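Colleague: First the structure, then my questions, so here it is.
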Amino acid sequence: MRTALFTGSFNPFTIGHADIVERALNVFDRIVIGVGYNPEKPVADVEDRVKAIEKVYEKEPRVVVEAYSDLTADLAKRHGAHAIVKGARSVKDFEYEREQAEFNKLLGDGLDTVLFFSKPELTAISSTTIRQLQYFGKDITPFLP
């Protein structure tokens, strides 16, 4: 069974994230969505995010959702993951993910990162933007799975 990780803070989990998961399921047998604690981002209850994502995939047995607070490479080892799946919307995302991929490869005994480029119609959607819309009282449901 080919397992991949898809990690992030997912605050919130958007239709862009869901698109990456759906596309990754065409390549891997199982996706572990790792909801990480990121000290650089606003803290929302991680367990609430895990439950919200689990609800999205309640009928998809190939998706597992788990909170984690250690290194992604360590999470990969625990799940026997073959790769890390990430999405990139822009050059800025690409550069960040490239740097993370290098560290994960070093720390994860050669663990590779598979990068999915965002669909053009989803490029503007980010968790940060969705949180801003929510702050200003806008309806964010069109951007959530």
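The values are calculated or read from the model by the stated rules, or taken from the named source; none is laboratory data. Everything numeric here is computed off the predicted structure, so don't read it as measured data. A quick note on method: Cβ atoms are made from the backbone with ideal geometry, for glycine too, and the neighbour counts reach across all protein chains shown. Areas reflect the complete protein model, heavy atoms only, side chains present, ligands, DNA and RNA absent. Shrake-Rupley method; radii C 1.70, N 1.55, O 1.52, S 1.80 Å.
Colleague: In nm, what is the difference between 0.36 nm times the number of residues separating residue 67 and residue 91 and their Cα-Cα distance?
Modeller: On the way: separation 24, 0.36 × 24 = 8.64 nm, distance 2.79 nm.
Extra length available between residue 67 and residue 91 comes to 5.8 nm.
Colleague: From the phi of every residue in the stretch 135-143, what ³J(HN,Hα) in whole Hz does the Karplus formula 6.51 cos²θ - 1.76 cosθ + 1.60 yield, where θ is phi - 60° and glycine or proline is x?
Modeller: 4, 8, x, 7, 6, 9, 4, x, 9
Colleague: Something else now. As an exercise, take the mean of 1/r over every pair of distinct alpha carbons in the chain, invert it, and state the Kirkwood radius in angstroms. Intermediate values should be presented prior to the final figure.
Modeller: Numbers: mean 1/r = 0.0645 Å⁻¹.
Answer for the chain: a Kirkwood hydrodynamic radius of 15.5 Å.
Colleague: Please find the FRET efficiency linking residue 47 to residue 132, where r is the Cβ-Cβ separation and R0 is fixed at 25 Å, and quote it to the nearest 0.05. Can you show the working numbers first?
Modeller: Values: r = 24 Å, r/R0 = 0.95.
Efficiency at R0 = 25 Å is approximately 0.60.
Colleague: Moving on to the next point. Identify all lysines with a Cα-Cα distance to residue 77 below 27 Å; exclude those on the same chain that are fewer than 8 residues away in sequence.
Modeller: Straight-distance partners of residue 77: 41, 51, 55, 59, 86, 105.
Colleague: Please sort by residue number the GluC sites (Glu not before Pro) in the stretch 91-141 whose DSSP state is loop and whose Cβ has at most 10 other Cβ atoms within 10 Å. If you can, show how the numbers build up before the last one.
Modeller: Details: sites: 95, 97, 99, 102, 121; in loops: none.
Here no GluC sites (Glu not before Pro) fit, given the DSSP loop and packing criteria.
Colleague: Counting only heavy atoms of the protein chains, get the accessible area per residue of the stretch 28-116 (1.4 Å probe) and round it to a whole Å² value. Working shown, then result.
Modeller: Details: 5350 Å² over 89 residues.
Spelled out: the 1.4 Å probe surface of the stretch 28-116, per residue, equals 60 Å².
Colleague: Could you rank the peptides 130-143, 80-93, 7-20, 47-60 by their average count of other C-beta atoms within 10 Å per residue, with the highest value first? Write down the numbers at each step before the final one.
Modeller: Details: 130-143: 12.1, 80-93: 17.9, 7-20: 20.1, 47-60: 14.5.
Most protected by this proxy first, the peptides run 7-20, 80-93, 47-60, 130-143.
Colleague: Next question, about the same structure. For residue 36, which sequence-distant residues (separation of 5 or more, or a different chain) have an amide H within less than 5 Å of its own amide H, given hydrogens modelled in the peptide plane?
Modeller: 8, 9, 68
Colleague: With +1 on the Cβ of every Lys and Arg and -1 on the Cβ of every Asp and Glu, and nothing else charged, how large is the dipole of the chain about its Cα centre, in debye rounded to the nearest 20? Present the calculation step by step, with values, prior to reporting the outcome.
Modeller: Values: 19 positive and 22 negative charges, 48 e Å.
So the dipole magnitude of the chain works out to roughly 240 debye.
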